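Asker: Pasting a structure here, questions to come.
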Amino acid sequence: MTRRRRFGELLIETGVVTEAMVQQALERQKGSDKRLGEILAEMGVVSEKDIAAALARQFGFKIVTNFAKYSFSPAVLKVIEPEQALRVMVFPLKVEEKSLYLAMGNPLDMETIDTLSFRTGLRVVPCVSTAREIREAIDRHYLKETPAGQVKKSDWWSVLVVDDQEMVRSAITATLKRGGYQVTEAENGAEGLKAALQNPPHLIVTDTVM
């Protein structure tokens, strides 16, 4: 049984989603690098806060919010490289008594926890947060100064949503905008291709039929 399956079963057990919703999300997740929670949020059946609350109740994790506004020392930020923070959606909160307190979108990600613990020699203490909160902290504290040749901060979150069903397209767009993405919409494949050529996005969200 995979970690993703266990995470889905947890959400079902806590009443956050139904088994049918999880199965649909798992199908959409195939071939992507998105977490199950992100897929469910895109589907509009669950919010990131719902997922964080469910994880906190089940495992006793501390929920951390609004931490982007605080100051973090360079020593703490250097514990994790910006690229890794973005890839696995984590943010270092503090180092105290040989423990690294880490904001995580998925605090059940033992691979990331074990890797960081081995590399830093610190005991990782996961704290649950939402992807939006973590992205905001990364954006503010890691990407505030962009070296030449790297992606500009203002261009970082560029997504093209292509779907011929207006309700689905609107739901996905609203979710992405809440997460801080810059979103462009297209209602069919031809418009989507034109939009992608005119202003190439970092990610295109569409269904398999289109």
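Asker: Being part of a helix (DSSP H, G or I) and touching a Lys or Arg at 6+ places or on another chain (Cβ under 8 Å) is the filter here; which residues of the stretch 170-195 pass it?
Answerer: Scanning the stretch 170-195 gives a single hit, R178.
Asker: List the number of the failed condition for L116; all other conditions in (1) outside any strand (DSSP E or B); (2) out of contact with any helix residue (DSSP H, G or I) (no Cβ under 6 Å at 6 or more places or on another chain); (3) open to solvent by 10 Å² or more (accessible area, probe 1.4 Å) hold.
Answerer: For L116, the failing item is (3).
Asker: Scan V88, V79, V46 and give me the residue that is open to solvent by less than 40 Å² (accessible area, probe 1.4 Å) and at pLDDT below 80.
Answerer: Going through V88, V79, V46 in turn, just one is open to solvent by less than 40 Å² (accessible area, probe 1.4 Å) and at pLDDT below 80: V46.
Residue by residue, here is whether (1) in contact with a His (Cβ under 6 Å, 6 or more places away or on another chain); (2) of a type in the set (G, A, S); (3) without any contact (Cβ under 8 Å) to a residue 24 or more places away in the chain; (4) surrounded by 19 or more Cβ atoms within 10 Å (Cβ to Cβ) holds:
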site: E166; (1), (2), (3), (4): no, no, yes, no
site: A171; (1), (2), (3), (4): no, yes, no, no
site: Q182; (1), (2), (3), (4): no, no, no, no
site: A186; (1), (2), (3), (4): no, yes, no, yes
site: G192; (1), (2), (3), (4): no, yes, no, yes
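Asker: Follow-up question, since we're still on this one. Which residues, counting only those in the stretch 196-210, are closer than 15 Å to R169 by Cβ and either open to solvent by 90 Å² or more (accessible area, probe 1.4 Å) or assigned to a helix (DSSP H, G or I) (or both)?
Answerer: V209
Asker: Now for a different question. Collect the residues in the stretch 26-50 that are of a type in the set (A, V, I, L, M, F, W, C) and in a helix (DSSP H, G or I), keeping them in residue-number order.
Answerer: L26, L36, I39, L40, A41, M43
Asker: The conditions are (1) free of Cβ contacts under 8 Å to residues at least 40 places away in the same chain; (2) part of a strand (DSSP E or B); (3) aliphatic (A, V, I, L, M), and L160 fails exactly one of them. Which is it?
Answerer: Failing condition for L160: (1).
Asker: I'd like the residue in the stretch 14-37 that is within 16 Å of the chain's Cα centre (by Cα) and within 18 Å of T206 (Cβ to Cβ) and, out of all such residues, is surrounded by the fewest Cβ atoms within 10 Å (Cβ to Cβ).
Answerer: Once the filter is applied, the top-ranked residue is D33.
Asker: Taking the options L93, L40, L102, name whichever one is open to solvent by less than 50 Å² (accessible area, probe 1.4 Å) and under 25 Å from A174 (Cβ atoms).
Answerer: That would be L40, the only listed residue that is open to solvent by less than 50 Å² (accessible area, probe 1.4 Å) and under 25 Å from A174 (Cβ atoms).
Asker: One residue is enough: does the stretch 144-156 have a residue meeting the conditions within 21 Å of K78 (Cα to Cα), basic (K, R), modelled with pLDDT of 85 or more and open to solvent by 70 Å² or more (accessible area, probe 1.4 Å)?
Answerer: Scanning the stretch 144-156 turns up no residue that is within 21 Å of K78 (Cα to Cα), basic (K, R), modelled with pLDDT of 85 or more and open to solvent by 70 Å² or more (accessible area, probe 1.4 Å).
The values are calculated or read from the model by the stated rules, or taken from the named source; none is laboratory data. Remember, it's a predicted structure, so these values are computed and weren't measured experimentally. With ideal geometry, Cβ positions are generated from the backbone for all residues, glycine too; neighbour counts draw on all protein chains shown. For accessibility, only protein heavy atoms count, side chains too; no ligands or nucleic acids. Shrake-Rupley method; radii C 1.70, N 1.55, O 1.52, S 1.80 Å.
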